[in-house]
């Protein structure tokens, strides 16, 4: 069971297939296995070395409660630590939701380690969704998640909640994101579910800046969990052109 070590924390990851390296980073409350369960890994592993990373605070990775471990540069460094552990110089980095935020962090702080960048389900211009009362809060998010997706929240016990909260709170860090994406000097794909809030603004941003896009059916989670094979094939086509 492979682990990379970064800033004293163990970062778990899985590996399937062979070929150019693709690193997949999941969203909040999911884990590395989610990419396999929804079909993304199987859609890619015949042509690529597919690595799925358990984010800090999730899966089999360490779960410190201290918020200082969860800022964007350190989380992006976790991805780089996995790339290093595998003996690669660069990787095609793919992120969904919180994982998209981490992927943007790689572009911002470690751009030379990217072969390409694919950001899904994350509006890096505005960050967390906003309502009439302001940005989405952790409490409101978890209340909604526990009601609508209890299968994703059952593992968040009181002793682990500090790390999950720190993950959520760090998502407010969006300074420099736009410039990092546009100056990355690698192919960039923005992909979203057609019913997900970032779909329209990210499609518009891509059109204005000459970036690749992919749209799949579904909302924020449904686009990935119910259309993973389509997502995987689209990512494979994007990466394969490079």
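A few remarks follow.
- Residue in the stretch 66-77 that is within 17 Å of the chain's Cα centre (by Cα), crowded, with 23+ Cβ neighbours inside 10 Å and assigned to a strand (DSSP E or B) present: no
- Residue-level check: of (1) crowded, with 18+ Cβ neighbours inside 10 Å; (2) under 17 Å from the mean Cα position of the chain (by Cα); (3) under 19 Å from residue 87 (Cβ atoms), residue 27 misses just (3).
- Counting only residues that are without any contact (Cβ under 8 Å) to a residue 40 or more places away in the chain and crowded, with 20+ Cβ neighbours inside 10 Å, the stretch 189-205 holds 1 of them.
- Residues that are in a loop (DSSP other than H, G, I, E, B) and surrounded by 12 or more Cβ atoms within 10 Å (Cβ to Cβ) within the stretch 125-137 comprise 125, 126, 127, 128, 129, 136, 137, listed in sequence order.
- Taking residues in the stretch 56-71 that are more than 24 Å from residue 1 (Cβ to Cβ), and partners anywhere that are surrounded by fewer than 16 Cβ atoms within 10 Å (Cβ to Cβ), the pairs with Cβ atoms closer than 7 Å and at least 6 places apart or on different chains are 67/169.
- Test for residue 140: is it at pLDDT below 95, assigned to a helix (DSSP H, G or I), surrounded by 12 or more Cβ atoms within 10 Å (Cβ to Cβ) and out of contact with any strand residue (DSSP E or B) (no Cβ under 6 Å at 6 or more places or on another chain): yes
- Within the stretch 226-242, the presence of a residue that is modelled with pLDDT of 95 or more, in a loop (DSSP other than H, G, I, E, B), touching a strand residue (DSSP E or B) at 6+ places or on another chain (Cβ under 9 Å) and under 30 Å from residue 66 (Cβ atoms) is excluded.
- Scope the stretch 148-184; condition surrounded by fewer than 18 Cβ atoms within 10 Å (Cβ to Cβ), within 15 Å of residue 64 (Cα to Cα) and within 17 Å of the chain's Cα centre (by Cα); matching residues: 169
- So residue 206, is it part of a helix (DSSP H, G or I), more than 16 Å from the chain's Cα centre (by Cα) and modelled with pLDDT under 95: no
- Scanning the stretch 1-31 for residues that are more than 20 Å from residue 117 (Cβ to Cβ), part of a loop (DSSP other than H, G, I, E, B), touching a strand residue (DSSP E or B) at 6+ places or on another chain (Cβ under 7 Å) and in contact (Cβ under 8 Å) with a residue 60 or more places away in the chain returns a single hit, 2.
- The one condition from (1) outside any helix (DSSP H, G or I); (2) more than 20 Å from residue 25 (Cα to Cα); (3) touching a residue at least 24 places away in the same chain (Cβ under 8 Å) that residue 117 does not meet is (2).
- A residue that is more than 17 Å from residue 171 (Cα to Cα) and touching a helix residue (DSSP H, G or I) at 6+ places or on another chain (Cβ under 9 Å) occurs nowhere in the stretch 123-131.
- Hey, residue 110 surrounded by fewer than 22 Cβ atoms within 10 Å (Cβ to Cβ) and more than 14 Å from the chain's Cα centre (by Cα) or not: yes
- Matching entry among 46, 42 (being surrounded by fewer than 21 Cβ atoms within 10 Å (Cβ to Cβ) and either modelled with pLDDT under 95 or assigned to a loop (DSSP other than H, G, I, E, B) (or both)): 46
- Of all residues in the stretch 188-200, exactly one satisfies the criterion of being under 17 Å from residue 126 (Cα atoms) and more than 18 Å from the chain's Cα centre (by Cα), namely 200.
- Extreme residue, surrounded by the most Cβ atoms within 10 Å (Cβ to Cβ), among residues of the stretch 81-99 that are in contact (Cβ under 8 Å) with a residue 40 or more places away in the chain and either on the phi > 0 side of the Ramachandran plot or assigned to a helix (DSSP H, G or I) (or both): 99
The values are calculated or read from the model by the stated rules, or taken from the named source; none is laboratory data. All values reported here derive from a predicted model rather than from experimental measurement. For neighbour counting, all protein chains shown are included, and Cβ atoms are generated from backbone atoms with ideal geometry for every residue, glycine included.
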